[in-house]
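Novice: Please see the structure below; I have some questions.
The values are calculated or read from the model by the stated rules, or taken from the named source; none is laboratory data. These figures come from a predicted structure and were not determined experimentally. Using ideal geometry, Cβ is built from the backbone for each residue, glycine included, and neighbour counts are taken over all protein chains shown.
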Amino acid sequence: MQDITAKELKTKLDNKENFTLIDVREIHENAEFNIGGVLWPLGLFPDKIKSLEGKENDEIVVYCRSGNRSGIAKSQLVNAGFKNVRNLLGGMMNWQSEIK
């Protein structure tokens, strides 16, 4: 699945589209700034994947500070059989510079 830009994600959020949004940053990062995703820090992520059972074909967007950790999370989801996983390109750093 193709990754997603900040502008594309903002449009999806504004349109209240149905998808799962997951923040894989740490608690303190999420407290500083967040866009409403469920917080699953990457270190806890493998244990959380089971709670997505039944959503293997649903769209899931993962994000972090720069896109690196969420890239790892995306790979973990794909390896677990999820087919529609998108990583926020550039993460929250890009979001904060692109979305005004």
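Novice: With the condition kept exactly as written, say whether any residue in the stretch 54-71 is surrounded by fewer than 12 Cβ atoms within 10 Å (Cβ to Cβ), modelled with pLDDT of 95 or more and among the small types (Gly, Ala, Ser).
Specialist: Checking the stretch 54-71: at least one residue is surrounded by fewer than 12 Cβ atoms within 10 Å (Cβ to Cβ), modelled with pLDDT of 95 or more and among the small types (Gly, Ala, Ser).
Novice: Regarding the stretch 22-31, can at least one residue be identified that is under 14 Å from the mean Cα position of the chain (by Cα) and among the small types (Gly, Ala, Ser)?
Specialist: no
Novice: Does residue 9 satisfy being in a helix (DSSP H, G or I) and touching a residue at least 24 places away in the same chain (Cβ under 8 Å)?
Specialist: In short, yes.
Novice: For the stretch 27-37, give me each residue that is surrounded by 11 or more Cβ atoms within 10 Å (Cβ to Cβ), at pLDDT 95 or above and hydrophobic (A, V, I, L, M, F, W, C).
Specialist: 35
Novice: Please go through the stretch 78-94 and give me each residue that is at negative phi, surrounded by 21 or more Cβ atoms within 10 Å (Cβ to Cβ) and assigned to a helix (DSSP H, G or I), ordered by number.
Specialist: 92
Novice: Also, I was wondering about something else. Kindly check whether there is at least one residue in the stretch 60-71 that is part of a strand (DSSP E or B), hydroxyl-bearing (Ser, Thr, Tyr) and closer than 20 Å to residue 4 by Cα.
Specialist: Yes, the stretch 60-71 contains a residue that is part of a strand (DSSP E or B), hydroxyl-bearing (Ser, Thr, Tyr) and closer than 20 Å to residue 4 by Cα.
Novice: Follow-up. Among the numbered conditions (1) surrounded by fewer than 16 Cβ atoms within 10 Å (Cβ to Cβ); (2) farther than 17 Å from residue 5 by Cα; (3) over 10 Å from the mean Cα position of the chain (by Cα); (4) of a type in the set (A, V, I, L, M, F, W, C), tell me where residue 99 comes up short.
Specialist: In the conditions (1) surrounded by fewer than 16 Cβ atoms within 10 Å (Cβ to Cβ); (2) farther than 17 Å from residue 5 by Cα; (3) over 10 Å from the mean Cα position of the chain (by Cα); (4) of a type in the set (A, V, I, L, M, F, W, C), residue 99 misses (2) alone.
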